[in-house]
Amino acid sequence: GWVNLSGYPSACPAGQFVTQVGDSLTCAAVGDVNVTGPWNSTDGKVYLNDSSYLVGIGTRNPLTKLHVVANDTENFTTTNVLTLDHIIANPANSTGGIGVGILFRVTDNASDVGSNIINISLINATLSGPINGSSTLGFYTRNNSGVLKPALFINSTRVGIGTVAPSVALDVVGN
């Protein structure tokens, strides 16, 4: 049904937006969002309160903690379902080495629950040169000392196993 809204602002200050509170509208800052249900908001960050919930993007029936479905009619191309951007304030000063990655972490099974989260693997994409340079894609795994070491590295048209700087088409370092 319809709700008769009253007491609404004619405009909100910069950095605020109009939101409904009960039967009226008010201005609120991003950190003041009033979320309900399993969601919470603190300091402009919205998050799920209950770890038992599943979140779906493009699906009403998520099967995992985060389930993304790209449902389209393109049956002859690859569809990007995740985009990672690393934006820097002054790209003119970039000298290469900027990149983005996906870090995999778990609780160390020798520790109390949640007390010692360790890095176990990393996938990292890096721009090698400052302007329109080549890029690298690195896959890192944890060694027995607990350090993430390069396991597989793709640098332009070269692949390195055990090295971050393959010098030939397939460069294998180690046993």
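Selection over the range 145-175 of residues that are loosely packed, with under 12 Cβ neighbours inside 10 Å, at pLDDT 90 or above, assigned to a loop (DSSP other than H, G, I, E, B) and not small (Gly, Ala, Ser) gives a count of 2.
Just one residue in the set 101, 96, 31, 114 is within 23 Å of residue 154 (Cα to Cα) and modelled with pLDDT under 75; that residue is 96.
Of 9, 38, all but one fail to be over 30 Å from residue 127 (Cβ atoms), at pLDDT 65 or above and in contact with a strand residue (DSSP E or B) (Cβ under 9 Å, 6 or more places away or on another chain); the exception is 38.
The values are calculated or read from the model by the stated rules, or taken from the named source; none is laboratory data. Everything numeric here is computed off the predicted structure, so don't read it as measured data. Quick reminder, even Gly has a Cβ in these numbers, built from the backbone with ideal geometry, and neighbours come from all protein chains shown.
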